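> Below: one structure in structure tokens.
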Amino acid sequence: MMRGIRGATTVQENEAEEIVSHAYELVADMVHQNNVDANDVVSILFTVTEDLNAAFPAKAVRKIEGWTYVPVMCMQEIPVPGSLGKCIRVMMTVNTSAKQEEVHHVYHYGATVLRPDLKK
């Protein structure tokens, strides 16, 4: 069965090192909390808000050993007025036997406000 694992984080500045490091921290936590193996990943989609353009957050995936061939893509979020700024969102599609309610979605830093109902 394929499932989507959601995640989001924020950064303080539009700075390449911070974007990649926060994206890495987020993806690593998503992988850990859901016991994801690279061979089970279908693809990973990253979005960033329009105020982030210093780096591709997908570079973070390439820092994980064994994840060289995982397909990743970056896109820009829709600039909805009043939405959370300096935000990186992730949709990781994986093959898993976990039920939807067993999937651990991960929200870091300022992004915890996006889905308080999913806090565990």
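No lab work stands behind these numbers, since they all come straight from the coordinates. These figures come from a predicted structure and were not determined experimentally.
> Against the 2.2 N^0.38 Å scaling, with N counting residues, where does the chain land? I'd like the Cα-based Rg ratio to two decimal places.
Ratio of Rg to 2.2 N^0.38 Å for the chain: 1.00.
> Give the angle, between 0 and 90 degrees and rounded to the nearest 10, that separates the Cα long axis of helix 16-34 from the longest principal axis of the Cα atoms of the chain.
Once rounded, the angle reads 30 degrees.
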